[in-house]
Amino acid sequence: ILQPAMTPGIRSDVPGEAGDGVADFAFKQRRLLTKRGLWLGRTVQRWCQVDRDDLVYYTSQDAKVPKGRIPLADCTLGRDFSDSSESWPKGQQKGSKMLELGRPGKGSCIIHGGSTEEMSSLAVYVKGKRLARRRLSQTAQNAGQRIPELPSSPTAPVVPPSGVTRPKYDGMQGPISAAAVDLNVVAGESEQETMARIVSRASSIGAASEWSAQVPEELSTARDLQERVLSYQLEAAGGSSSSTAPAKRHSEADAMRSVVNGLGPKLAYRKAMAYLWNYDLEAAQVLLAPWKDSVVWHAGAWAEASVMRVILTGRKSDALATLDLIKSAETLCEATQPETVAHEVFTAEMLLLRSGLQVILGARLRALYNLRQCWHVYQRLEQHLTADKVMRECVHDQEMVFTYEDMRGRILFGLGVFYMATSLVPVSLIPLIRIAGFVMHRSKGKAYLFECIEKDLGPRSAIAGIMLSMYHLDLEPDILHAGNILVASLGRQPENVLLHWAGSLLAWRNTFIKEAVGITSKALWCCGEELADQAVYLRYELGMFHFLSMEWDAAHEHILCVYKSVNAEKVFFPYRTLVTTQLAAIAFSLGQHDRGEILCKECGAIQDWSGLLKIENDFAKIMQIFLKKRKGGREMLAFEFMYFLRQFPKVPAQMLTAIQDKVKRITQRCRTLPEGHDAEEESRVELASCLTIQVVICFYLGDADAAMLLVPELSEICARLPHWAMYICAHGLYWCGRVYALNERNADAQRCLQEAKSYKKYPFNISVKIGKVLAEHEESMARSREAN
């Protein structure tokens, strides 16, 4: 075993120059390196050596061409050498002859050295490189350089801020900057530098291998900090424009008209796909138009552009027209001989697009059949991911518009979608899925999608990023990973509407409503003026954000636009009754009772409610109660709508407090009992509704004491409510039981839950949930008695 060669002396005292004040270090022979990807979880072995500032690794001990480089200045040291780092998987215990390096943007790696002294020398060398990097960072900071920001669109309008004040990265105050700790940074690093490194890492779009990993916890409140930073970055990528801003998005269509004839079909196709996935649909169509009737690839891209429009509008007429375009493209493909790998990829993608459109049109059985056909094509293509000789030969054709990376990305995306989607079906459907020939492999699906994203393999990387981020948003929660994916994808395509849409969902999920409004507004701006008016899903989401903020006028503008669209023409919008209910709630909150009554009667005019979804059926019944019975407290419809849609957990504390204050004012008005039996009965119903909403808000604010002050009165009132207010009784008593249980008043909690369970038929029935909570509570009481 050879010892490391240490060159005594210092090469230079100027950090960042040829020498950086650190003594040289080098292995005399390559050492074994074990590296593990943080997200894919694959462990591979390489051979490494130190080359000045980098750790260079090769596929074999004798390989000539490096496989990759790891900057030593960015690495952190494992626990055997005095730094905190990620723990290596169990079963791989480290000895003194191993050095663990934490890498920014990826998982840890282990260097298997010849001796403890060798690894100690390397550890000193790495620390020296990090210290030199810190000095360089401090020098740049003193020179007045700003912290890097996400790339923004050059055509984005500049408008004044709309009331959303975002803290600056280089000067955050409060609990974020108050508790810095030194885990993965050298001693003495300032909070500002730590913040700069977090931001720059999350926004380092240039290197695809850097952005994908979670940032190490460098502050005591690191996870909260990172979620806030990601939200701010998504909003920064989304800009501060609004859908009503006077500035319009600039399209490159006019510029492309003057040059399209000189580009040729190959270059025109590639530029068109770039414009297409940056949602400049007009410019993309200008580039595709000369060849859309004669070249199969351009015909498919023309159909894809139409699909991109349907995704936002949901119009069934557009979906039917797009199906005709897909049929024309498939006819061109069938006439092309000989059939190559590229043609198989094209066939699979057209089948996938056809299936999605058939779902919108309600032809679900046809969609399932086409999905099965599509899967079989992708399954045949999977072999080309490993044995890619045929695919490489295909892309060398002079007329081939696909690059190797593009074609590989398309195959990875299709396989990733099927492997992941089939693994998420309910257990009861698994036998049918297997009979149909589908294969379930969630980890492989994630791996394929992630490779497509990380290596930026063509236009499919954007939609792959959206799917993987949404998966990590709900099904396998990892907010930071989902945010990093979207931040990086927005850096590549800053005006992609779908990426902004996904970013708004991420911000919403983390209760950043104001930031979500900014991101959704930018998504509408990216649509262009014409498409923005037809983008019903984005309009509805923006209306919902304003609705939760009690900004009734703004909410009315967007929800009314959606209402007119879904009623004027056939649009794929599964929850139409919710739009009507929400618009009626806004009308009541604005004092427009006549308009609200018209909307309630509109739902009452539905003769057959069996065709509605259960949630629509429940809201239709509640609207009839507000129309016929609850005439004095119609403002509560908006807050009951929020509650039944389970929006309170997604609302930030300050908005919850504002809603609570508003409900308190309504509560005071309800306490003034007018004369007459009917009026007194209605007043009790409104008071019970107000108290229930207040208790729920106190629960989500974590204020059990405030909730406890309301619960005795609420439980007493619920016992005296009329039969038509049964749904308020059940929900009110359920929350009384929850609060009593939190305050260890077990007998009262059991009584309230048993009374709530006694109600059977009412809108938004929660009897199953009440039964589970009651059973758990009784079991807990039994254990307590046994313990005593």
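Table for the structure above
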| item | result |
| --- | --- |
| Members of the stretch 259-283 that are in a helix (DSSP H, G or I), open to solvent by less than 50 Å² (accessible area, probe 1.4 Å) and touching an Asp or Glu at 6+ places or on another chain (Cβ under 9 Å) | M273, Y275, L276, A283 |
| Top-ranked residue in the stretch 385-399 [being of a type in the set (A, V, I, L, M) and surrounded by 16 or more Cβ atoms within 10 Å (Cβ to Cβ); ranked as modelled with the lowest pLDDT] | V395 |
| Where a residue in the stretch 470-493 is of a type in the set (D, E) and its partner, wherever it lies, is modelled with pLDDT of 90 or more and surrounded by 19 or more Cβ atoms within 10 Å (Cβ to Cβ), with Cβ under 8 Å and at least six apart | D478/H472 |
| Which listed residue is open to solvent by 10 Å² or more (accessible area, probe 1.4 Å), in a helix (DSSP H, G or I) and closer than 24 Å to I586 by Cα, from E541, E530 | E541 |
| The stretch 98-117, residues that are farther than 14 Å from C48 by Cα and either part of a helix (DSSP H, G or I) or without any contact (Cβ under 8 Å) to a residue 24 or more places away in the chain (or both) | T116, E117 |
| Any helices (runs of 4 or more DSSP H) falling wholly within the stretch 419-491 and containing at least 3 residues that are of a type in the set (S, T, Y) and open to solvent by less than 30 Å² (accessible area, probe 1.4 Å) | 460-474 |
| Flag if H593 is more than 22 Å from A658 (Cα to Cα) and open to solvent by 30 Å² or more (accessible area, probe 1.4 Å) | yes |
| Residues located in the stretch 316-327, provided they are crowded, with 20+ Cβ neighbours inside 10 Å and touching a Phe, Trp or Tyr at 6+ places or on another chain (Cβ under 8 Å) | A319, L325 |
| Failed criterion for A523 (all others in (1) without any contact (Cβ under 8 Å) to a residue 40 or more places away in the chain; (2) on the phi < 0 side of the Ramachandran plot hold) | (1) |
| Single unsatisfied condition, E330 versus (1) in contact with a Cys (Cβ under 9 Å, 6 or more places away or on another chain); (2) open to solvent by 10 Å² or more (accessible area, probe 1.4 Å); (3) part of a helix (DSSP H, G or I) | (1) |
| Yes/no for W501 being within 19 Å of L276 (Cα to Cα), assigned to a helix (DSSP H, G or I) and open to solvent by 10 Å² or more (accessible area, probe 1.4 Å) | yes |
| Enumeration of residues in the stretch 481-497 that are more than 10 Å from the chain's Cα centre (by Cα) and more than 26 Å from A532 (Cβ to Cβ) | none |
| Residue within the stretch 506-522 that is over 19 Å from I466 (Cβ atoms), open to solvent by 10 Å² or more (accessible area, probe 1.4 Å) and among the hydrophobic types (A, V, I, L, M, F, W, C) present | yes |
| Boolean, C600 is without any contact (Cβ under 8 Å) to a residue 40 or more places away in the chain, assigned to a helix (DSSP H, G or I) and open to solvent by less than 30 Å² (accessible area, probe 1.4 Å) | yes |
| Any chance H500 is out of contact with any strand residue (DSSP E or B) (no Cβ under 9 Å at 6 or more places or on another chain) and free of Cβ contacts under 8 Å to residues at least 60 places away in the same chain | no |
| Residue check for A782: open to solvent by less than 50 Å² (accessible area, probe 1.4 Å) and either under 27 Å from G633 (Cα atoms) or touching a Leu at 6+ places or on another chain (Cβ under 7 Å) (or both) | no |
| When residues of the stretch 333-375 are limited to those that are among the polar types (S, T, N, Q) and not in a helix (DSSP H, G or I), the one surrounded by the most Cβ atoms within 10 Å (Cβ to Cβ) | T340 |
| Residue within the stretch 500-515 that is touching a Pro at 6+ places or on another chain (Cβ under 8 Å) and polar (S, T, N, Q) present | yes |
| Matching residues in the stretch 284-293 - criterion: being in a helix (DSSP H, G or I) and open to solvent by 20 Å² or more (accessible area, probe 1.4 Å) | Q285, V286, A289, P290, W291 |
| Pairs with Cβ under 6 Å, 6+ apart, first in the stretch 760-788 and under 30 Å from I615 (Cβ atoms), second among the acidic types (D, E) and in a helix (DSSP H, G or I) | P763/D618; F764/D618 |
| Residue match in the stretch 295-314 (condition: over 29 Å from V259 (Cβ atoms) and assigned to a helix (DSSP H, G or I)) | yes |
| Residues (β-branched (V, I, T) and closer than 20 Å to L353 by Cα) located in the stretch 323-339 | I326, T331 |
| Leading residue by the ranking (most open to solvent (accessible area, probe 1.4 Å)) among those in the stretch 640-655 that are assigned to a helix (DSSP H, G or I) and touching a Leu at 6+ places or on another chain (Cβ under 7 Å) | A653 |
| Enumeration of residues in the stretch 719-744 that are charged (D, E, K, R) and farther than 16 Å from F699 by Cα | R720 |
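Okay, residues lined up against (1) within 30 Å of L506 (Cβ to Cβ); (2) surrounded by fewer than 19 Cβ atoms within 10 Å (Cβ to Cβ); (3) out of contact with any Ser or Thr (no Cβ under 6 Å at 6 or more places or on another chain); (4) not aliphatic (A, V, I, L, M):
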| residue | (1), (2), (3), (4) |
| --- | --- |
| R634 | no, no, yes, yes |
| A638 | yes, no, no, no |
| D661 | yes, yes, yes, yes |
| E680 | no, yes, yes, yes |
| V695 | yes, no, yes, no |
| L701 | yes, yes, yes, no |
| M708 | no, yes, yes, no |
| V711 | no, no, yes, no |
| P722 | no, yes, yes, yes |
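The values are calculated or read from the model by the stated rules, or taken from the named source; none is laboratory data. Quantities reported herein were computed from a predicted structural model and do not represent experimental measurements. Methodologically, a virtual Cβ is constructed for each residue, glycine included, from the backbone with ideal geometry; neighbour enumeration extends over all protein chains shown. Accessible surface is based on the protein model in full, side chains and every heavy atom, while ligands, DNA and RNA are left aside. Shrake-Rupley method; radii C 1.70, N 1.55, O 1.52, S 1.80 Å.
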